[in-house]
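What follows is one structure encoded as structure tokens, with my remarks underneath.
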């Protein structure tokens, strides 16, 4: 299959699947000239959905493998799940009052993604959605998982382990059993899958947010109280010893500050690591598979020009030839 066939097939599938469930797009755009991947949508007064899918540039002549096409279908089916089941209003309202909106957003996303996929499967929105979702997760995990104590990647853990609870036969072992937050993360994941709507997921995410952020504040206070007690008990010798170590301590503190600044600069705008410092990977993994889709299509963009027009044809391809 070549890129042009893949793009027209994706567009036709989007509209056909959406309409088959009694819904309709009042406006659908699939733009294949972006530098990122994502979807924006809203319900309008006519009862339809206005949606724009933005996909990275893909060459019309690129050779698309069966696995690549399956991942593209899995991705757009996942985004359709948001159109069917996610409330943007409840999501946005849930961010209000959070001191770290990026963390709250990522937690909601990590809990909402498995829920909407489970509903797509349950309601049989597409007969092959379960294997498509599973294949996409396996592809995303092909570059490796995260460590159980990697706090900044907790939203990513929720997104993966929630899908495992959906019944996906994920080959990578679960990180929950060895996680220091195993009890609260697993409980949040199970609760989210039973949530009736996005509002309930937001409330679960808010409780988890409090559990992840409040203990760190308490630990800081306990450490400070302990330090104050040591200072009060120190005598002349203790003070001299501290004076002797002052220069070394100052150097150490400056080094920590520099490391902290570097971590902040390496972020991509989403900073769930502010919940605390884990000892796992320094890479922040996106909850949505947009980064994976970006990288996958980047190697297939070939001769695409930045100013080329998006595909607008709506030809329905009923059969694909994989012989090439």
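The values are calculated or read from the model by the stated rules, or taken from the named source; none is laboratory data. Here the structure is a predicted model, which is why all the values come from computation and not from measurement. No Cβ is skipped: glycine too gets one built from the backbone with ideal geometry, and neighbour counts run over all protein chains shown.
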Report summary line: Within the stretch 140-182, the count of residues that are under 21 Å from residue 288 (Cβ atoms) and not in a loop (DSSP other than H, G, I, E, B) comes to 20
Requested in this report: Please tell me if residue 188 is assigned to a helix (DSSP H, G or I), farther than 27 Å from residue 295 by Cα, in the same structural domain as residue 213 (by TED's automatic domain parsing) and within 18 Å of the chain's Cα centre (by Cα).
Outcome: yes
Query - Every residue from the stretch 23-46 that is in a loop (DSSP other than H, G, I, E, B) and more than 13 Å from residue 83 (Cβ to Cβ) - result: 35, 36, 37, 45, 46
Requested in this report: Go through the stretch 1-22 and count every residue that is part of a loop (DSSP other than H, G, I, E, B) and either free of Cβ contacts under 8 Å to residues at least 40 places away in the same chain or assigned by TED's automatic domain parsing to the domain that holds residue 295 (or both).
Outcome: 1
Requested in this report: Please go through the stretch 132-142 and pick out each residue that is over 12 Å from residue 160 (Cβ atoms) and in contact (Cβ under 8 Å) with a residue 60 or more places away in the chain.
Outcome: 132, 135, 139
Report task. List the number of the failed condition for residue 58; all other conditions in (1) over 19 Å from the mean Cα position of the chain (by Cα); (2) surrounded by fewer than 22 Cβ atoms within 10 Å (Cβ to Cβ); (3) farther than 23 Å from residue 185 by Cβ hold. Result -> (2)
Query raised in the report: Going by the structure shown, is residue 91 in a helix (DSSP H, G or I), at pLDDT 95 or above and under 23 Å from the mean Cα position of the chain (by Cα)?
Result: yes
Query raised in the report: Can you tell me which residues in the stretch 162-192 are crowded, with 19+ Cβ neighbours inside 10 Å and within 22 Å of residue 87 (Cα to Cα)?
Result: 162, 163, 166, 188, 189, 192
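Please indicate, with yes or no, whether at least one residue in the stretch 100-123 is touching a strand residue (DSSP E or B) at 6+ places or on another chain (Cβ under 9 Å) and within 20 Å of residue 40 (Cα to Cα).
Scanning the stretch 100-123 turns up no residue that is touching a strand residue (DSSP E or B) at 6+ places or on another chain (Cβ under 9 Å) and within 20 Å of residue 40 (Cα to Cα).
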